[in-house]
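K.L.:
Before I ask anything, here is the structure I am working with.
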């Protein structure tokens, strides 16, 4: 049986790539029908780990919490890298970290993946 490739926010698979240098390792994330591909759009955008946290504002911009720097374009660059990978690899399903400015619902990566028809499940 051919297993389906599924994009997973890298932090959910134990990779310490979150803004604070930690992960949200889901040890029970298993499937006989799929294989998981970990990607972190923020690292693909060139951000270091750890890094200053950022949040999505109501106007859609992504702003760093302490410095006030607008990092929307960088987040969009990371989102595009993830979307390009998904398109090339035929990935049509993703498990993304909720409440993230890139992977959370309405985040830069989530929006772009949805635009390309990728089915998304958000995980805390």
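K.L.:
Residue check, residue 48 against (1) within 16 Å of residue 10 (Cα to Cα); (2) touching a residue at least 12 places away in the same chain (Cβ under 8 Å), all met but one. Which one?
P.N.:
Condition not satisfied by residue 48: (2).
K.L.:
Could we say that residue 80 is in contact with a helix residue (DSSP H, G or I) (Cβ under 9 Å, 6 or more places away or on another chain) and surrounded by fewer than 17 Cβ atoms within 10 Å (Cβ to Cβ) here?
P.N.:
yes
K.L.:
Within the range 107-124, how many residues are more than 18 Å from residue 12 (Cβ to Cβ) and in contact (Cβ under 8 Å) with a residue 40 or more places away in the chain?
P.N.:
0
Conditions (1) part of a helix (DSSP H, G or I); (2) under 12 Å from the mean Cα position of the chain (by Cα); (3) within 18 Å of residue 88 (Cβ to Cβ), marked per residue:
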{"position": "2", "(1), (2), (3)": "no, no, yes"}
{"position": "8", "(1), (2), (3)": "no, yes, yes"}
{"position": "11", "(1), (2), (3)": "yes, yes, no"}
{"position": "18", "(1), (2), (3)": "no, yes, no"}
{"position": "37", "(1), (2), (3)": "no, yes, yes"}
{"position": "48", "(1), (2), (3)": "no, no, no"}
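K.L.:
If you scan the range 90-105, which residues turn out to be exposed (fewer than 15 other Cβ atoms within 10 Å of the Cβ) and either free of Cβ contacts under 8 Å to residues at least 12 places away in the same chain or under 21 Å from residue 14 (Cβ atoms) (or both)? Let's see the steps before the verdict.
P.N.:
Narrowing the range 90-105 to residues exposed (fewer than 15 other Cβ atoms within 10 Å of the Cβ): 90, 99, 105.
99 - this is the single residue of the range 90-105 that is exposed (fewer than 15 other Cβ atoms within 10 Å of the Cβ) and either free of Cβ contacts under 8 Å to residues at least 12 places away in the same chain or under 21 Å from residue 14 (Cβ atoms) (or both).
K.L.:
Let me ask something else. What are the residues in the range 1-44 that are on the phi > 0 side of the Ramachandran plot and surrounded by 13 or more Cβ atoms within 10 Å (Cβ to Cβ), if any?
P.N.:
Hit for the range 1-44 is 14, nothing else.
K.L.:
Restrict the check to the range 65-73 and report whether at least one residue is at pLDDT 95 or above and within 10 Å of the chain's Cα centre (by Cα). Explain how you work it out, then say what you get.
P.N.:
Step one: list which residues in the range 65-73 are at pLDDT 95 or above, which gives 65-73.
Right, trim to within 10 Å of the chain's Cα centre (by Cα) and you get none.
No, there is no match, as no residue in the range 65-73 is at pLDDT 95 or above and within 10 Å of the chain's Cα centre (by Cα).
K.L.:
Any idea which of (1) free of Cβ contacts under 8 Å to residues at least 24 places away in the same chain; (2) part of a loop (DSSP other than H, G, I, E, B); (3) under 15 Å from the mean Cα position of the chain (by Cα) is the one residue 60 doesn't satisfy?
P.N.:
All conditions pass for residue 60, except number (3).
K.L.:
So how many residues does the range 64-92 have that are in a strand (DSSP E or B) and under 16 Å from residue 18 (Cα atoms)?
P.N.:
Within the range 64-92, residues that are in a strand (DSSP E or B) and under 16 Å from residue 18 (Cα atoms) number 1.
The values are calculated or read from the model by the stated rules, or taken from the named source; none is laboratory data. Here the structure is a predicted model, which means the values were calculated and not measured. As a convention, Cβ positions derive from the backbone with ideal geometry for all residues, glycine included, and neighbour counts pool all protein chains shown.
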